[in-house]
1. Hey, can you tell me all the residues within region A:200-228 that are under 14 Å from A:VAL180 (Cβ atoms) and assigned to a loop (DSSP other than H, G, I, E, B)?
2. Given (1) over 30 Å from B:ARG216 (Cα atoms); (2) away from chain B (no Cβ under 12 Å), identify the lone condition not met by A:THR75.
3. Give the residue that is surrounded by the most Cβ atoms within 10 Å (Cβ to Cβ), with candidates limited to residues of region B:166-185 that are under 22 Å from the mean Cα position of the chain (by Cα) and either without any contact (Cβ under 8 Å) to a residue 40 or more places away in the chain or within 14 Å of another protein chain (Cβ to nearest Cβ) (or both).
4. Please go through region A:227-264 and pick out each residue that is over 28 Å from A:GLU206 (Cα atoms), surrounded by 13 or more Cβ atoms within 10 Å (Cβ to Cβ) and free of Cβ contacts under 8 Å to residues at least 40 places away in the same chain.
5. What pairs come up if the first residue lies in region A:16-35 and is free of Cβ contacts under 8 Å to residues at least 12 places away in the same chain and more than 7 Å from chain B (Cβ to nearest Cβ), the second is assigned to a helix (DSSP H, G or I) and open to solvent by 30 Å² or more (accessible area, probe 1.4 Å), and their beta carbons are under 7 Å apart, counting only those six or more places apart or on different chains?
6. Which condition does A:TRP38 not pass, out of (1) over 30 Å from B:ILE215 (Cα atoms); (2) in contact (Cβ under 8 Å) with a residue 40 or more places away in the chain; (3) within 14 Å of chain B (Cβ to nearest Cβ), if it passes all the others?
7. Report, by residue number, each residue of region B:122-148 that is without any contact (Cβ under 8 Å) to a residue 40 or more places away in the chain and either surrounded by fewer than 18 Cβ atoms within 10 Å (Cβ to Cβ) or under 13 Å from the mean Cα position of the chain (by Cα) (or both).
8. Looking only at helices (runs of 4 or more DSSP H) that fall completely inside region B:212-303, which ones have 2 or more residues that are within 14 Å of chain A (Cβ to nearest Cβ) and free of Cβ contacts under 8 Å to residues at least 40 places away in the same chain?
Amino acid sequence: MSPTGSAIGSRILRSRALAALTSPHGVDRYLEQVNPMWAAHEVRARVVEVRRETTGSPESGTAPVATITLQPTSTWRGHRAGQYVQVGVDLPGSRRRTTRCFSISSAESGPGERFTLTVRAHDEGQVSKFLVHEAEPGQMLHLSQADGDFTLPGSPATPSPYPLVFITGGSGITPAMSMVRTLLRDGYDAKAHRKVLFLHFARSPEDQIFADELAEIAAADNDIDVHLRYGEQIFSEFELRRLVPDYRNTDTWACGPGAMVELIQAAYAGSDRLRLEFFEPPRISGGEAAEGDVVFGRAGRSAANTGESLLDQAEALGLKPEFGCRMGICFTCTSKKTEGTVRNVITGAESSLPDEDIQICVSAPVGDCVVDL
Amino acid sequence: MTAQKTEETTTQEHVVPGDVLLNKLTAEQLDAFGGELDAIRQRVLSELGDEDADYIRRIVKAQRGFEVAGRALFYLPPAWPLAVASLSVSKILDNMEIGHNVMHGQYDWMGDPGLNSRMYEWDNVCPSSQWKYSHNYIHHTYTNILGKDRDIGYGILRMDEEQEWRPYYLGNPLYATLLMLGFEWGVAMHDLEFERIISGEKSWAETKHLHAGLIRKIRNQALKDYLLFPALTGPLFPLTFVGNATANLVRNIWAFNIIFCGHFPAGVSTFSEEECENESRGHWYYRQLLGSANITGSKLFHTMTGNLSHQIEHHLFPDLPARRYPQISEEVREICQRYGIDYNTGPLGRQLFSVARKICRLALPDRKQARRSAAVTRPAFAA
């Protein structure tokens, strides 16, 4: 279909007339019966290719990584480099649709354009294991639109003595990779007069995602310096200071496991130049020891507060609350807190309102707390 | 007069068929009975998966197919009966096997927003949110408790001897017929509790929170069935209009009959509020059992009733996928036999006849009721 043709088509599909005719189910509930790639509002994608990045090694406890190329429906609005997408998979056998968030690893996409996810098959991650081991070309996935503020400013190529710094760990490399790929695709080169510094920590060279591409980027004549560090050390402030002495005044994008992000946060000492992306929430650390009791009202269960997130504490008691991303994004786990104070483990904000809807995956009780679960 | 009446009610002994049997079961027996049913529930929950997901998706596909075919066949005037039939099947599947069951949360475990109880909206003038309150919560929690379960007679009919007879109930068969013909409207108006507004227990203003949702839903349903789709067939407007109305009517009659057979044939029992205070899980199951009746039939028949032909199993396990009810019915029946609990089942014709007879019989003052009142008043004469 020509671009104008498909524009007219999608306008008809989203029209109020068609919404009225297909009430109460909506246009998408009919289109999906004919072709899963047809949609008026929802976003779905067909798996086009699954490429193995690393094989992982059982000895060092690392899991394999794969890059999955997706062809989204025409409803996909595109993404900005650094954003994530929620991916829903109908798991084989149990048929439970499980949704997780993944950063997009390819350069910025336009409406309806293909993009890639790069995923590590974590042991406890059902969706990531499915994507790496079981996904095959032709399979359908359910998506959200791209979201997230972990993105580059409009024009990073403004000449400046301060570099752009990316600090990443493990599979946290994906959003930074999307940014670097976007810069390079859009002609970022030595004439931009603003250096890019890419500092990445991985377990071992075998476990390095995008190794060949990073080597090419490092070797090419551009303003991008790539520094790869291998070993058990997840982050080194000393290393960062050596590369960027005035790092606290430098625009930085950091993404990695929770423990790494905590170290980076400490190093930047509250500087607003630091932008963070978690792919797991930071463990609740420091502060006063956990006090009080947590009560799950509907289940009639209670226990001493361990200081962990309410979701973790509920699960430890054998409850099975609904959850999705486990990082405060998807709102699947939203529950009512009837009494007590909770702290958002990502922002640190505390709230004590009664009968308040909270995301239990990123809320930890401060003292006694009652949740309607 | 009023004071005397209250006294009568308090001195009057409350006798329902369920009590007689209940007295035979000890608390321990009831607990064991509940335990056996809980075990069935746990087993089915652990088995949910591919088969259930494929089944409901197949039904949804069939429903969409019948709907599109029905709408399209209105363009061929000779195929009008076929169009009506197709659209009727679509609406029946949508309301019963899909809508009613999905809104019970039977498929929430799949995590599919299109089959989620919080998001599903059905092809019916009753807004799903109001339906879920009056049906899932009130009816399924307080099943057959007089004064609490508003589904007993829907506030219009006299469906139980314990409902005191008034001359108004002489119209019982007429009201039932009207309710059958306009069943979706009856269901939509259910939450407004007209009978309590008329009797002055409730004010019109108290129903205000329901109005916007109700009006929106009615508008959307009327717009597509009585304006847009007829208009799209151009000169065939009147035929399509009547066809859509007929499909809605067919669905109303079908749903009414299946639901009345599931709840009101002879032998089904009602309970008082006092009997159900602090009740055990076993007693809850027991009440659900005595409050429901099944209809026997073919596999296709069961599908067309949304498997509500297994009303007993549905009332025991309202949130298990309904396609599982026929599979577990033999087991439930066997358990009932062992505990000496009546398992009410029969072919559609017999259950319908039983319901019709009950509607007519209760239109008249109850002979037993009259005797009982006489018994109560007699000592007063003596004194």
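The values are calculated or read from the model by the stated rules, or taken from the named source; none is laboratory data. Predicted model, so just to flag it, every value in this text is computed and none were measured. Because the Cβ atoms are built from the backbone with ideal geometry, glycine has one as well, and the counts that use them run over all protein chains shown. Note: accessible area is taken over every heavy atom of the protein model, side chains too, but ligands, DNA and RNA are not part of it. Shrake-Rupley method; radii C 1.70, N 1.55, O 1.52, S 1.80 Å.
1. The answer is A:ILE209, A:PHE210, A:ALA220, A:ASN222, A:ASP223.
2. (1)
3. The selected residue is B:GLU184.
4. Of everything in region A:227-264, just one residue is over 28 Å from A:GLU206 (Cα atoms), surrounded by 13 or more Cβ atoms within 10 Å (Cβ to Cβ) and free of Cβ contacts under 8 Å to residues at least 40 places away in the same chain, namely A:ARG248.
5. Filtered contacts from region A:16-35: A:THR22/A:TYR30.
6. (2)
7. B:LYS132, B:HIS135, B:TYR137, B:ILE138, B:HIS139, B:THR141
8. B:229-232
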